[in-house]
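One structure below.
The values are calculated or read from the model by the stated rules, or taken from the named source; none is laboratory data. Being a predicted model, the structure only gives us computed values, none of them experimental. Cβ sites come from the backbone with ideal geometry, for glycine too, and all protein chains shown count toward neighbours.
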Amino acid sequence: MSEQSSVQGTSGHGTSRDEGTASSLLEPGAAVEKVASGATWAEGPLWLPRRRALRFSDIPGDRILEFSEETGELSVFAEGVEFTNGRTLDLEGRVVECSHGRRAVQRDDSAGPGDAHRPEVLVDRLGPVRLNSPNDVVVAPDGAIWFTDPSYGIQKPEEGHLGEEEYGDRWVLRLDPATGELRPVVTDMEAPNGLAFSPDASLLYVADSAGPERGHTIRVYDVIGGDRARYGRPFVEVSPGVPDGIRVDTAGNVWSSSASGVQVFSSDGRPLLDLPVPETVSNLCFGGDDGRTLYMTATTSLYRVRTTAQDAAAR
């Protein structure tokens, strides 16, 4: 049985939020609802339209879970999956996901009804050395795969396998699936995590989850020529906690996970909404038949709330 709680939040940023804009982001009477539980650390949510289901990872449990919107039931989609994390859909509707255990980005053609987990590694090396532990991933309008590569999966045995940073840093990288070319596009962050494009893909937002010593920052970069990220600068500070998963809606607003719940910022960085959630939110995505249900993976559970927004990257 689902549980509901009030969504009347406060800014928590030292700046009053725009009450009119905040209320317009949620459906009238919307309430945060817990729809499933039982994970150890829930991450990597993705709405699968053809399955009418929300897929997400229980990283320490080394399994992939699915919540059926039709039946309201949570099921184990796959086990022994090598610690998958963030995922998205490519231009053909196939699942692209990150694997801490394989230190890889992989493609899994299991987005339709009855499909089983059949991952194929797309990339696991940068030249002669292995990647760290790919964390989150987006697909650009040209089909290129952009992903973050922090080191959580090789630092924390519960999230992967202990190992070394073989290229000696933690970057955002771009994979051209047509040519197989992989190259870094963002190299000035301590712990790049969630990422998302603006509606016209001219901007790239990246969450830095480094912690207090480096701030709690989402940075923004200009995308040049569709294949380079330049002129990085701070976009907003997220507190409490650190920003992890992020999404951008069709209006250009940035939705970020935080320790308090979900925080929403306008494209010019104004705080619009602080949506409280009972557990620490790791990641989020839009879903449902109309794309206006915000699903949130939060520690042990999956939550949702009805909004008026839709993902800018929805296909």
**OP:** Answer with yes or no whether Gly168 is touching a helix residue (DSSP H, G or I) at 6+ places or on another chain (Cβ under 6 Å) and either among the charged types (D, E, K, R) or under 26 Å from Leu204 (Cα atoms) (or both).
**Re:** no
Original post:
Which of the residues spanning the stretch 28-42 are crowded, with 16+ Cβ neighbours inside 10 Å and of a type outside the set (A, V, I, L, M)?
Top reply: Glu33, Lys34, Trp41
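Please determine whether any residue of the stretch 296-309 is surrounded by 18 or more Cβ atoms within 10 Å (Cβ to Cβ) and assigned to a loop (DSSP other than H, G, I, E, B).
To start, the set of residues in the stretch 296-309 that are surrounded by 18 or more Cβ atoms within 10 Å (Cβ to Cβ) comprises 296-298, 301-307, 309.
Filter again for assigned to a loop (DSSP other than H, G, I, E, B), leaving 309.
Yes, the stretch 296-309 has at least one match.
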Subject >> Tabulated pairs, the stretch 269-284, first small (Gly, Ala, Ser), second crowded, with 24+ Cβ neighbours inside 10 Å, C-beta under 8 angstrom, 6+ apart or interchain >> reply: Ser282/Ala42; Ser282/Glu43; Ser282/Asp244; Ser282/Gly245; Ser282/Ser257; Ser282/Thr297; Ser282/Ala298
Original post:
When the residues of the stretch 82-107 are filtered to those that are surrounded by fewer than 23 Cβ atoms within 10 Å (Cβ to Cβ) and in a loop (DSSP other than H, G, I, E, B), which remaining residue is nearest to the chain's Cα centre (by Cα)?
Top reply: Asp90
Original post:
Only one of (1) part of a strand (DSSP E or B); (2) touching a residue at least 12 places away in the same chain (Cβ under 8 Å) is not met by Ala314, so which one is it?
Top reply: (1)
Subject >> Unique match (being modelled with pLDDT under 95 and either more than 14 Å from Leu126 (Cα to Cα) or of a type outside the set (A, V, I, L, M, F, W, C) (or both)) among Ala196, Ala201, Ala210 >> reply: Ala210
Original post:
Of all residues in the stretch 188-204, how many are surrounded by fewer than 17 Cβ atoms within 10 Å (Cβ to Cβ), in contact (Cβ under 8 Å) with a residue 40 or more places away in the chain and under 30 Å from Ile154 (Cα atoms)?
Top reply: 1
Original post:
Out of all the residues in the stretch 278-299, which are farther than 18 Å from Val242 by Cα and in contact with a strand residue (DSSP E or B) (Cβ under 6 Å, 6 or more places away or on another chain)?
Top reply: Phe286, Gly287, Arg292, Thr293, Leu294, Tyr295
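For the stretch 234-280, give me every one of the strands (runs of 3 or more DSSP E) that falls completely inside it and has 1 or more residues that are among the aromatic types (Phe, Trp, Tyr) and surrounded by 20 or more Cβ atoms within 10 Å (Cβ to Cβ). Spell out how you get there, then give the answer.
Working: elements: 246-248, 254-257, 261-265, 271-276.
Qualifying strands (runs of 3 or more DSSP E): 254-257, 261-265.
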Subject >> Filtered residues of the stretch 205-217 (kept if buried (at least 19 other Cβ atoms within 10 Å of the Cβ) and of a type outside the set (Asp, Glu)) >> reply: Tyr205, Val206, Ala207, Ser209, His216, Thr217
**OP:** Would you check which residues across the stretch 283-295 are buried (at least 19 other Cβ atoms within 10 Å of the Cβ) and touching a Pro at 6+ places or on another chain (Cβ under 9 Å) and list them?
**Re:** Asn283, Leu284, Cys285, Gly287, Tyr295
**OP:** Mind telling me which of the residues Gly153, Gly86 ends up being touching a residue at least 60 places away in the same chain (Cβ under 8 Å) and in contact with a Cys (Cβ under 7 Å, 6 or more places away or on another chain)?
**Re:** Gly86
**OP:** Would you be able to say whether some residue in the stretch 250-264 is free of Cβ contacts under 8 Å to residues at least 60 places away in the same chain, on the phi > 0 side of the Ramachandran plot and out of contact with any helix residue (DSSP H, G or I) (no Cβ under 9 Å at 6 or more places or on another chain)?
**Re:** no
Original post:
Which one of Pro60, Pro45 is touching a Ser or Thr at 6+ places or on another chain (Cβ under 6 Å), surrounded by 15 or more Cβ atoms within 10 Å (Cβ to Cβ), touching a residue at least 40 places away in the same chain (Cβ under 8 Å) and within 20 Å of Pro157 (Cα to Cα)?
Top reply: Pro60
